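Chemist: Please read through the structure below; I'll follow up with questions.
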Amino acid sequence: MLAFSLGLGVSVHNPDIWALLSKTRFVEKLNREFGMYFLYPIFPDELKALEGKSLEVTGFYIPLDVSTSDFAVLSKFPNAECFFCGGAGPESIVVAYLKKKPSKKIKVDEIITIKGKLKLNDTDIDELNFILLDAEIIN
């Protein structure tokens with residue numbers, strides 16, 4: 001199993017997931033369906049090699065109504081600095097589709113760890129670029 005973290009106690013054997021995600025480059029392309037330009041990711045080979053593999057990501061919980069949802073969003077940065085509110089880039093967030101809803105309420109900016117299978121998205125503009133499938137909150 002691969003384990004990644006914010007950099008606090010990162011294993012020598014495993015890179016920091018946030019540093020790896022930040023190697024993703026984005027190019028602006030016209031989306032003909034919407035008649036607008038969007039940023040599309042170009043994933044580095046080392047990240048592509050992890051697709052479909054189980055890994056752990058530790059980050060700040062971004063406030064969504066997870067009590068009625070089967071997903072959670074993690075950010076490299078606290079809520080005030082995250083992609084949605086603070087102007088960070090799309091490489092700083094991960095969405096996790098949970099196997100089951102959490103048993104306790106998660107607080108804004110609570111640091112949690114989620115384990116799931118990595119899926120990379122470079123085509124669906126309605127979805128985030130970094131996805132954890134069959135995920136579970138482990139901390």
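Every number in this text was worked out from the coordinates using simple rules, so none of it is lab data. As the structure is a prediction and not an experimental result, all values here were calculated from the model. Neighbour counts run over all protein chains shown; Cβ positions are idealised from the backbone, glycine included.
Chemist: Can you give the FRET efficiency for Asn79 and Lys99, using 1/(1 + (r/R0)^6), R0 = 25 Å, r = Cβ-Cβ distance, to the nearest 0.05?
Modeler: 0.50
Chemist: Ile138 to Ala19: FRET efficiency via 1/(1 + (r/R0)^6), r the Cβ-Cβ distance, R0 25 Å, to the nearest 0.05?
Modeler: After rounding to 0.05, the efficiency reads 0.75.
Chemist: If you don't mind, another one. For Val108 and Phe38, FRET efficiency with R0 = 22 Å and r from the beta-carbon atoms, rounded to 0.05?
Modeler: FRET efficiency, Phe38 to Val108: 0.20.
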